[in-house]
There are 2 protein chains.
Amino acid sequence: MDQRVKKKATIYDLSLLSGSSPSTVSAVLNGTWRKRRIKESTAQTILGLAELHQYTTNLQARGLRRSRSGLVGLMLPVHDNRYFSSMAQTFEGHVRSRGQCPVVVSASRDPEEERRTAETLISYSIDQLFIVGATDPDGVHEVCELAGLRHINIDLPGAKAHSVISDNYQGARMLTEAIIRHFGNDDPLRPDELFLFGGRNDHASRERIAAFHATKKALLGADPEDGVQSSGYSPDITLRAFEAFYQCRGKLPRALFINSSINMEGLLRFMAGRPAEMFSELVVGCYDYDPFGSFLPFPVIMVRQNVEAMITKAFELIDEPPTAPQTFLIAPELIQPRSALKGPLDTLKDIE
Amino acid sequence: MDQRVKKKATIYDLSLLSGSSPSTVSAVLNGTWRKRRIKESTAQTILGLAELHQYTTNLQARGLRRSRSGLVGLMLPVHDNRYFSSMAQTFEGHVRSRGQCPVVVSASRDPEEERRTAETLISYSIDQLFIVGATDPDGVHEVCELAGLRHINIDLPGAKAHSVISDNYQGARMLTEAIIRHFGNDDPLRPDELFLFGGRNDHASRERIAAFHATKKALLGADPEDGVQSSGYSPDITLRAFEAFYQCRGKLPRALFINSSINMEGLLRFMAGRPAEMFSELVVGCYDYDPFGSFLPFPVIMVRQNVEAMITKAFELIDEPPTAPQTFLIAPELIQPRSALKGPLDTLKDIE
DNA sequence: TTCGCTTGCACAATCGATGGTGCAGAAACT
DNA sequence: AGTTTCTGCACCATCGATTGTGCAAGCGAA
């Protein structure tokens with residue numbers, strides 16, 4: 001009866017089969033049939049046929065007509081990173097629970113690519129866009145605004161749309177303090193023994209660096225000028241920064257504040273091939289949480305940004321009527337070394 | 001002139017503005033105008049207007065008409081994992097270089113969810129579907145087949161469509177051998193000191209377990225029955241497996257073969273709160289690569305699956321005319337402890 | 001019987017782009 | 001001059017679903 005690869009059934013097919021008009025079929029299938037005063041029995045007939053013929057709505061057609069698609073976009077800088085991938089995981093859960101379809105794409109921290117990506121998604125009439133860690137949030141905003149697309153910034157703030165970000169200042173303060181206190185009073189850390197690696201000229205880095213400076217000054221009394229080694233969000237640049245530092249001073253600092261797990265990978269690259277003992281006295285604070293990172297052979301104090309809270313807040317905001325752009329801070333959490341925390345995966349059904 | 005949030009320009013708008021018919025405008029904008037013998041000058045006029053009015057194609061409309069969308073789907077088990085997220089990263093690069101739009105979604109290793117997700121994507125008329133690590137590849141196949149959607153399995157094979165997977169047997173053989181050889185001849189490993197944790201009844205686990213057994217037998221002469229502790233792909237179940245083991249024997253084995261980085265997180269959870277010294281003699285082999293995992297305080301030998309090669313091969317196959325389903329093995333790579341390898345991110349422009 | 005209200009549905013326009021077909025006018029050829 | 005060929009484009013149906021509107025039949029009340 002059913003041949004292979006037959007065309008998918010449409011409302012017109014069901015219309016013929018049921019003897020009802022396409023509009024009736026449509027109403028029945030999209031749930032608006034009570035409002036349209038369709039008889040219960042008619043609806044049942046059609047639903048039965050739909051089941052029988054495995055009808056599924058052509059969402060492109062619906063999207064075209066309604067000029068929205070049921071797709072909700074998440075634009076990440078990159079996938080390949082625990083912070084962003086847990087963002088994706090959490091986002092998916094939220095979107096699905098709202099009966100929509102998540103679409104996750106990355107834009108490589110390239111302003112041009114960010115705008116192009118937004119434009120593409122808009123061409124598919126996505127309903128909302130969550131912009132994570134964008135290099136140029138306001139550029140993306142422009143694109144969204146023109147298309148009347150609801151959007152919100154996460155992780156890095158923009159001036160023209162609501163933003164939900166980690167409280168970078170407080171987080172970095174906690175982290176710096178924890179690093180310093182880790183040394184105790186026997187052999188306290190000196191100001192010139194704590195360096196920050198990573199980060200660039202974005203809001204998050206600026207806040208973290210400011211907190212780093214302030215906390216060092218407050219707790220250690222001083223803060224040399226050269227305590228910060230910017231190295232972007234690239235493992236390789238960070239590696240080179242470490243190499244340069246090492247070259248220059250013959251050793252690493254006793255303590256490091258590392259701006260993100262991506263920069264932390266730069267440290268790993270520096271470690272590779274060098275003897276483990278070289279790092280046995282090191283104390284590291286990393287502004288990001290990675291379970292494996294937490295168990296390195298030296299103490300790694302980490303900051304976990306509250307992804308769940310950020311996403312939740314973002315969903316609240318994006319549905320609200322627009323008001324003047326505001327930035328909402330979400331408190332991150334300090335994670336002691338050797339901690340294996342639950343993540344978004346743990347809410348999935350455990351499967352043996 | 002341009003008001004905010006004005007409707008997007010359509011080919012009909014440009015048609016009026018240019019004095020050409022909508023079909024001419026359409027042809028010019030989608031590049032088929034030479035084939036349709038449109039005069040160069042007409043084309044230029046329209047292109048100019050399009051630029052001026054910031055025309056962008058409504059891809060839902062195009063998709064409806066052409067019954068494909070330009071979207072290419074990647075279905076992952078989960079995002080929050082370096083193996084799968086690097087898959088996503090690599091996939092994106094390939095799709096974009098083909099001028100299409102990547103769509104990455106996860107389906108939680110739930111066969112039901114996998115089919116539903118595929119169906120949703122099909123409703124959007126995606127052009128191709130890459131099915132990664134599916135629990136029920138053939139169930140997804142059924143759905144795709146009915147819709148005439150090109151698809152391919154990656155990481156876990158199906159019987160009804162081409163599959164590109166890691167050579168799990170060889171990888172596990174290499175890994176087991178490396179673990180055993182790591183102990184050298186002074187204090188060689190005994191068969192009852194090497195256990196496998198993780199995995200379930202999927203193709204990859206079965207192959208790895210088979211290779212584990214065979215290699216143990218070949219190199220150590222024997223292989224006790226209880227050497228394998230299945231614990232699915234869940235950190236928590238793996239944690240419980242370690243706890244049970246520890247409870248029962250009072251210690252961990254000297255050496256562990258861990259089936260995936262997700263199971264490895266179960267080991268981390270076991271480690272948390274327990275003294276580091278407990279693990280100082282441990283040697284671990286992990287079938288997955290994670291840069292941070294490679295630098296844990298004990299030797300961790302890892303296997304890196306060749307994501308780039310798998311994706312590349314998958315793209316080759318998916319474009320070919322269909323033949324009888326075949327499974328293609330991609331050789332993975334053994335990674336020595338303390339290795340920080342380059343990943344897909346390194347091909348991005350380094351940004352300071 | 002007639003008016004008016006409800007019930008239950010059909011009709012048709014519409015979303016925006018595509019592509020097969022047809023046709024007028026110019027150019028080329030006999 | 002008459003016929004064929006080419007150019008350059010317009011026309012229109014189409015993809016599948018949605019939704020505002022209209023209207024016949026049925027029913028109760030006056």
**Message:** Given the C-alpha atoms of the stretch B:68-161, compute the convex hull and give its volume per residue in Å³.
**Reply:** 76 Å³
**Request:** Counting only C-alpha contacts under 8 Å and six or more residues apart, can you give the relative contact order of the stretch A:254-352 as a whole percent?
**Result:** 26 percent
**Message:** What distance in nm lies between label points placed 7 Å from Cα along the C-beta direction at B:Phe298 and B:Arg249?
**Reply:** 1.1 nm
**Prompt:** Restricting the count to DSSP beta bridges whose residues both fall in the protein assembly as shown, what percent are antiparallel, rounded to a multiple of 5?
**Reply:** 10 percent
**Request:** Only Cα pairs under 8 Å and at least 6 apart count here; give the relative contact order of chain B as a rounded whole percent.
**Result:** 15 percent
**Item:** Ranking of A:Asp288, B:Asp226 by count of other Cβ atoms within 10 Å, fewest first
**Value:** B:Asp226, A:Asp288
**Other protein chain Cβ atoms within 10 Å, averaged over every residue that makes up A:80-93** = 6
**Prompt:** Out of the DSSP beta bridges found with both residues in the stretch A:198-316, what percent are antiparallel (nearest 5)?
**Reply:** 10 percent
**Prompt:** Roughly what % of Cα-Cα distances in the stretch A:1-104 sit above 16 Å, to the whole percent?
**Reply:** 67 percent
**Under Karplus coefficients 6.51, -1.76 and 1.60, residue-wise ³J(HN,Hα) of the stretch B:278-287 in Hz, glycine/proline x** = 4, 10, 6, 9, 5, 10, 10, x, 10, 7
**Request:** Give, rounded to the nearest 20 debye, the magnitude of the charge dipole that chain B has about its Cα centre when Lys and Arg contribute +1 at Cβ and Asp and Glu contribute -1 at Cβ.
**Result:** 1540 debye
**Fill in**
Dipole check, the protein assembly as shown, charges on Cβ (K,R +1; D,E -1), about Cα centroid: among A:Leu282, A:Asn259, A:Ser339 the Cα furthest to the positive pole belongs to A:Asn259
**Prompt:** How many nm separate the modelled label positions at A:Ser21 and B:Thr32, each set 7 Å beyond the Cα in the direction of the Cβ?
**Reply:** 3.3 nm
**Message:** 7 Å along Cα→Cβ for the label point: how many nanometres lie between A:Lys7 and each equivalent label in the other copies, listed shortest first?
**Reply:** 2.9
**Prompt:** At what distance in angstrom do the alpha carbon centres of the stretch B:271-323 and the stretch B:102-180 lie from each other?
**Reply:** 19 Å
**Asked** Counting only Cα, what are the radius of gyration and maximum Cα-Cα distance Dmax of the stretch A:154-251, in Å?
**Response** 14.9, 50
**Fill in**
Given a Förster distance of 30 Å, the FRET efficiency implied by the Cβ-Cβ spacing of A:Glu277 and B:Asp346, rounded to the nearest 0.05, works out to 0.60
**Request:** Place the label 7 angstrom along Cα→C-beta at B:Asp187 and in each other copy, then list the distances from the first to the rest in nm, shortest first.
**Result:** 2.7
**Request:** Please give, to one decimal in nm, the separation of the simple spin-label points placed at B:Asp319 and A:Thr327, each 7 Å out from Cα toward the Cβ.
**Result:** 4.5 nm
**Prompt:** Which of A:Ser123, B:Ser163 comes first, and how do the rest follow, when ranked by fewest Cβ neighbours within 10 Å?
**Reply:** A:Ser123, B:Ser163
**Request:** Report Rg/Rh for the stretch B:11-57, rounded to two decimals, where Rg is the Cα radius of gyration and Rh the Kirkwood radius.
**Result:** 0.91
**Translational diffusion of chain B, µm² s⁻¹ [Kirkwood Rh, Cα pairs; Stokes-Einstein; 37 °C; 0.692 mPa s]** = 142 µm²/s
**Prompt:** Amide H of B:Val228: which non-local residues (sequence gap of 5 or more, or other chain) have their own amide H closer than 5 Å, using H built in the peptide plane?
**Reply:** B:Leu196
**Request:** Mind checking which of B:Gln247, B:Thr42, A:Leu47 is farthest towards the positive end of the protein assembly as shown's charge dipole, using Cβ charges of +1 (Lys, Arg) and -1 (Asp, Glu) about the Cα centre?
**Result:** B:Thr42
**Asked** Which of B:Arg34, B:Arg65, B:Arg254 moves the most in a Gaussian network model of chain B with Cα springs under 10 Å?
**Response** B:Arg34
**Request:** Show which lysines lie in cross-link reach of A:Lys216 when reach means a straight Cα distance below 26 angstrom and same-chain residues fewer than eight apart are skipped.
**Result:** A:Lys251
**Item:** For A:Arg116, inter-copy label distances in nm, listed shortest first [label point 7 Å out on the Cα-Cβ vector]
**Value:** 3.5
**Message:** With an 8 Å Cα cut-off and a minimum separation of 6 or more residues, compute the relative contact order for the stretch A:149-218 in percent.
**Reply:** 35 percent
**Request:** Give the percent of DSSP beta bridges with both residues in the stretch B:125-271 that are antiparallel, rounded to the nearest 5.
**Result:** 5 percent
**Request:** Apply the Karplus parameterisation 6.51 cos²θ - 1.76 cosθ + 1.60, with θ equal to phi minus 60°, to every residue of the stretch B:323-333 and state each ³J(HN,Hα) to the nearest whole Hz, in sequence, with x for glycine and proline.
**Result:** 10, 4, x, 10, 10, 10, 9, 10, 5, x, 10
**Item:** Kirkwood estimate for the stretch B:192-334, i.e. one over the average of 1/r between Cα atoms, Å
**Value:** 16.5 Å
**For chain B, calculated [θ]222 nm from helices alone, where every DSSP H run of n ≥ 4 adds -39500 (n - 2.57)** = -13500 deg cm²/dmol
**Asked** Based on Cβ point charges of +1 for Lys and Arg and -1 for Asp and Glu, what charge dipole magnitude is obtained for the protein assembly as shown about its Cα centre, in debye rounded to the nearest 20?
**Response** 2620 debye
**Item:** Cβ-based exposure ranking for B:Met174, B:Met302, B:Met310, in which fewest neighbours within 10 Å come first
**Value:** B:Met174, B:Met310, B:Met302
**Item:** the stretch B:11-57 - charge dipole about Cα centre, Lys and Arg +1 at Cβ, Asp and Glu -1, debye rounded to 20
**Value:** 320 debye
**Positive-pole candidate from B:Ile154, B:Tyr124, B:Pro188, dipole of the stretch B:111-269, charges at beta carbon** = B:Pro188
**Prompt:** Kirkwood hydrodynamic radius for the protein assembly as shown: how many Å is it when counted over pairs of different Cα atoms?
**Reply:** 27.5 Å
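Read-outs throughout are calculated quantities, based only on the coordinates presented, and are distinct from any laboratory measurement. In this text, all values refer to a predicted model and were calculated from it rather than measured experimentally. Ideal geometry is used to build each Cβ from the backbone, glycine not excepted, and the neighbour counts take in all protein chains shown.
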